[in-house]
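Participant: Provided herewith is a single structure, encoded as C-alpha cells, for subsequent inquiry.
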C-alpha cells in the first residue's frame, strides 16, 4: 500500500498523520500477510464478534509506514460486507478505512451527510448504497498485546 496514497487521505481529511487509520481485509487468513505474530486471543475475538470489530495488532508488517503507529501496531478489520470483500479481493490488497469527514467535524452516518469538500476531493465515488439511510454504530476497537493482553478501546 503506497505511502503516498495514504498521505492523500490524510490531506483530504485535513487530519494529522499521527492519528492512525485502519485497514480492511476480506478474509481472516490475510492477517498473516500483515501481522508478524497473531495473538491466539485474536481468533477467539473474531469468532465471537457479532458486530464489526477492529483489532489493533502488535508488530505489523507490509503496510505503508504512515499506517503504522509509533508502537508498531495497526488497526485491522475483517469485513463481512460482500461488496467490500469483493473489492478488496479484486485489489489484491487491503483498503484504508476512515470516516468520510474533515478532521474535527462530525462523522457522517449516511452518504448524503458526507461533506461536499470530501466528495470533490476524491478521484472516484462508488455508486453503491448511496440511498441507504441505515445508521450503524462504529466498530468496536480492541488492542492486543504481543503476549495476549487485551485492552478495550471502544465497545
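Participant: Contour minus end-to-end for residue 40 and residue 68, with contour as 0.36 nm per residue of separation and end-to-end as the Cα-Cα distance?
Facilitator: 8.0 nm
Participant: While we're looking at this one, here's another question. Going 7 Å from the Cα of residue 116 toward and past its Cβ, which residues in segment 1-39 have a backbone nitrogen under 19 Å from where you end up?
Facilitator: 12-14
Participant: If we restrict to alpha carbons, what Rg and Dmax does segment 91-155 come to, in Å?
Facilitator: Just the Cα atoms of segment 91-155 yield Rg and Dmax of 15.5, 44 Å.
Participant: If contacts are Cα pairs under 8 angstrom and at least 6 residues apart, what is the relative contact order of segment 1-152 in percent?
Facilitator: Relative contact order of segment 1-152: 32 percent.
Participant: Which number comes out as Rg/Rh for segment 1-68 once both Rg and the Kirkwood Rh are worked out on C-alpha atoms?
Facilitator: Rg/Rh for segment 1-68 comes to 1.00.
Participant: How much length, in nm to one decimal, is gained on full extension between residue 150 and residue 128, taken as 0.36 nm per residue of separation minus their Cα-Cα distance?
Facilitator: Difference between extended and current length: 4.4 nm.
Participant: Please check which bits of segment 76-110 a label hung off residue 16 would reach, taking the label as a point 7 Å along Cα-to-C-beta and the cut-off as backbone N under 14 Å.
Facilitator: Residues 103-104 qualify, since their backbone N sits under 14 Å from the label point.
Participant: Rg to Rh for segment 44-155: what is it, with Cα atoms only and Rh by Kirkwood?
Facilitator: 0.97
Participant: Which percent of the Cα-Cα distances in segment 83-126 go past 16 Å?
Facilitator: 47
Since every read-out is calculated from the coordinates, none of them should be taken as a lab result. As the structure is a computational prediction, the values presented were derived from the model and not from experiment. Glycine also receives a Cβ, built like all others from the backbone with ideal geometry; neighbour counts cover every protein chain displayed.
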